[in-house]
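A short write-up of the structure that comes next.
The values are calculated or read from the model by the stated rules, or taken from the named source; none is laboratory data. Bear in mind that the values here come from a model prediction, so they are computed numbers and not experimental data. Note that we place each Cβ from the backbone using ideal geometry, even for glycine, and neighbour counts take in every protein chain shown. Note: accessible area is taken over every heavy atom of the protein model, side chains too, but ligands, DNA and RNA are not part of it. Shrake-Rupley method; radii C 1.70, N 1.55, O 1.52, S 1.80 Å.
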Amino acid sequence: MTVQRRTLLASAAAAALAGGLPLAAMAQKKIVLGFSQVGAESEWRTANTESIKSAAKDAGIDLKFSDAQQKQENQIKAIRSFIAQKVDVIAFSPVVESGWDTVLLEAKAAKIPVILSDRAVDSKDTSLYVTFMGSDFTEEGRKAGRWLVEKEKNEKGPVNIVELQGTVGSAPAIDRKKGFEEIIKSDPKFKIIRSQTGDFTRAKGKEVMEAFLKAEGKKINVLFAHNDDMAIGAIQAIEEAGLKPAKDIIIVSIDGVKGAFEAMIAGKLNVSVECSPLLGPQLMSAAKDVVAGKSVPKRIVTTEGIFPMEVAAKEFPSRKY
Ligand code: AHR
């Protein structure tokens with residue numbers, strides 16, 4: 001290497017260290033994004049992970065992906081490791097809402113911006129993250145409630161509902177419950193007679209529905225499941241109990257994954273409220289903006305619909321997850 005080239009490289013490195021990367025070096029520098037995922041608990045989550053991985057590839061972003069296996073302690077470890085690695089941006093989908101302030105303060109002290117993807121945290125200090133992108137879970141719960149109120153408008157009641165909640169303490173479980181209750185409370189004929197967590201998984205959805213059926217039997221008129229996977233597990237339990245899902249028990253769920261469309265086409269699920277997992281492209285574009293020093297909106301809400309079984313066959317071919 002010539003003396004001139006060595007001098008050039010040394011001055012480029014010095015400029016980079018000083019925070020002012022020369023243009024050519026900046027163009028070559030890949031953004032490093034550390035992402036901590038909740039786990040692989042549902043069809044939705046798998047689609048979300050795929051969306052993030054493929055969008056990172058398309059955007060030329062170096063993604064450091066970590067699967068927390070539905071444990072907050074694993075997410076905290078992953079975030080600390082991203083801080084130690086000095087990544088450019090950290091993003092994560094918090095398994096539960098509470099308990100993030102300490103680690104988010106550590107990221108702030110290290111000057112690493114944090115993006116919340118899919119789920120919120122309940123931190124009072126909103127300067128701990130730059131943006132929160134994802135669905136309005138309360139509105140999803142309301143949509144489920146409104147659909148049920150309309151469906152049962154000619155029913156005298158009581159309309160006995162069993163509820164399969166998502167992961168305890170998670171934003172979607174808290175907000176979907178809140179939104180659903182807000183709507184059904186307008187008519188006292190709607191009664192939630194049992195409510196328990198199924199942790200967003202098919203296996204637990206089935207197990208808890210079996211217990212509901214054992215305790216309440218034919219008294220159950222409606223199942224409200226906080227996601228499609230638990231509804232699909234519950235459908236198995238209902239069939240094994242000799243009942244007809246979507247006929248003997250109305251089933252309302254959330255996500256709109258392909259598995260739910262298949263169940264609706266088979267006449268076993270009445271409706272699924274959409275919750276899009278395809279957040280990857282939005283996340284990469286926000287990461288680029290944040291690194292470039294551009295401002296991003298504090299809240300980016302995903303636009304979503306609702307799919308009753310009557311439209312499932314027509315909609316199915318265009319479903320992307
Ligand atoms: O946070 C989104 C929720 O988490 C989805 O509804 C559910 O399927 C997932 O596990």
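Looking at the structure I just gave you, is I238 more than 24 Å from T303 (Cα to Cα) and aliphatic (A, V, I, L, M)?
Details: more than 24 Å from T303 (Cα to Cα): yes; aliphatic (A, V, I, L, M): yes.
Considered against the rule, which asks whether it is more than 24 Å from T303 (Cα to Cα) and aliphatic (A, V, I, L, M), I238 comes out as yes.
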Self-check item: Count of residues meeting criterion [in contact with a strand residue (DSSP E or B) (Cβ under 7 Å, 6 or more places away or on another chain), part of a loop (DSSP other than H, G, I, E, B) and open to solvent by less than 10 Å² (accessible area, probe 1.4 Å)] in segment 232-267
Solution: 1
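Quick grid of which residues meet (1) over 11 Å from M309 (Cα atoms); (2) in contact with a helix residue (DSSP H, G or I) (Cβ under 7 Å, 6 or more places away or on another chain); (3) in contact (Cβ under 8 Å) with a residue 24 or more places away in the chain:
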| site | (1), (2), (3) |
| --- | --- |
| K247 | yes, no, no |
| V257 | yes, yes, yes |
| F261 | no, yes, yes |
| I265 | no, yes, yes |
| N270 | no, yes, yes |
| P277 | yes, yes, yes |
| G280 | yes, yes, yes |
| S285 | yes, no, yes |
Practice problem: Name, by its number, the condition in (1) within 16 Å of the ligand (Cβ to nearest atom); (2) among the small types (G, A, S); (3) outside any helix (DSSP H, G or I); (4) open to solvent by less than 20 Å² (accessible area, probe 1.4 Å) that does not hold for S123. | Solution: (1)
Practice problem: Might you check whether a residue that is open to solvent by less than 10 Å² (accessible area, probe 1.4 Å) and without any contact (Cβ under 8 Å) to a residue 40 or more places away in the chain occurs anywhere in segment 196-215? | Solution: yes
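Would it be correct to say that T201 is β-branched (V, I, T), at negative phi and within 11 Å of the ligand (Cβ to nearest atom)? Let's see the steps before the verdict.
Details: β-branched (V, I, T): yes; at negative phi: yes; within 11 Å of the ligand (Cβ to nearest atom): yes.
Here the answer is yes, as T201 does meet what is asked.
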Exercise. Pick out the one residue from K156, K214, K206 that is of a type outside the set (D, E), at pLDDT 95 or above and closer than 20 Å to I254 by Cβ.
Key: K206
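For segment 216-231, which positions are away from the ligand (no atom under 16 Å from the Cβ) and either not in a helix (DSSP H, G or I) or not small (G, A, S) (or both)? Spell out the reasoning first.
First pass over segment 216-231, keeping only residues away from the ligand (no atom under 16 Å from the Cβ): 216-222.
Answer for segment 216-231, where residues must be away from the ligand (no atom under 16 Å from the Cβ) and either not in a helix (DSSP H, G or I) or not small (G, A, S) (or both): E216, K218, K219, I220, N221, V222.
Would you be able to say whether some residue in segment 156-164 is within 15 Å of the ligand (Cβ to nearest atom) and surrounded by 14 or more Cβ atoms within 10 Å (Cβ to Cβ)? Give the derivation first.
Filtering segment 156-164 for residues within 15 Å of the ligand (Cβ to nearest atom) gives 163-164.
Checking which are surrounded by 14 or more Cβ atoms within 10 Å (Cβ to Cβ) leaves us with 163-164.
Yes - at least one qualifying residue is present in segment 156-164.
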Quiz item: Which one is farthest from D255 (Cα to Cα), of the residues in segment 126-146 that are acidic (D, E) and either assigned to a loop (DSSP other than H, G, I, E, B) or open to solvent by less than 10 Å² (accessible area, probe 1.4 Å) (or both)?
Solution: D136
Quiz item: Filtering segment 60-76 down to residues that are polar (S, T, N, Q) and on the phi > 0 side of the Ramachandran plot, which residue is surrounded by the fewest Cβ atoms within 10 Å (Cβ to Cβ)?
Solution: Q69
Quiz item: Only one of these conditions is not met by Q75: (1) touching a strand residue (DSSP E or B) at 6+ places or on another chain (Cβ under 9 Å); (2) within 16 Å of the ligand (Cβ to nearest atom); (3) part of a loop (DSSP other than H, G, I, E, B). Which number is it?
Solution: (3)
Practice problem: Considering only residues that are within 16 Å of the ligand (Cβ to nearest atom) and within 15 Å of T49 (Cα to Cα), look in segment 268-287 and name the one that is surrounded by the most Cβ atoms within 10 Å (Cβ to Cβ). | Solution: L283
Practice problem: For segment 78-109, name all the residues that are open to solvent by less than 60 Å² (accessible area, probe 1.4 Å) and in a helix (DSSP H, G or I). | Solution: A78, I79, S81, F82, I83, V103, L104, A107
Self-check item: Checking K177 against (1) away from the ligand (no atom under 13 Å from the Cβ); (2) open to solvent by 30 Å² or more (accessible area, probe 1.4 Å), the condition it does not meet
Solution: (1)
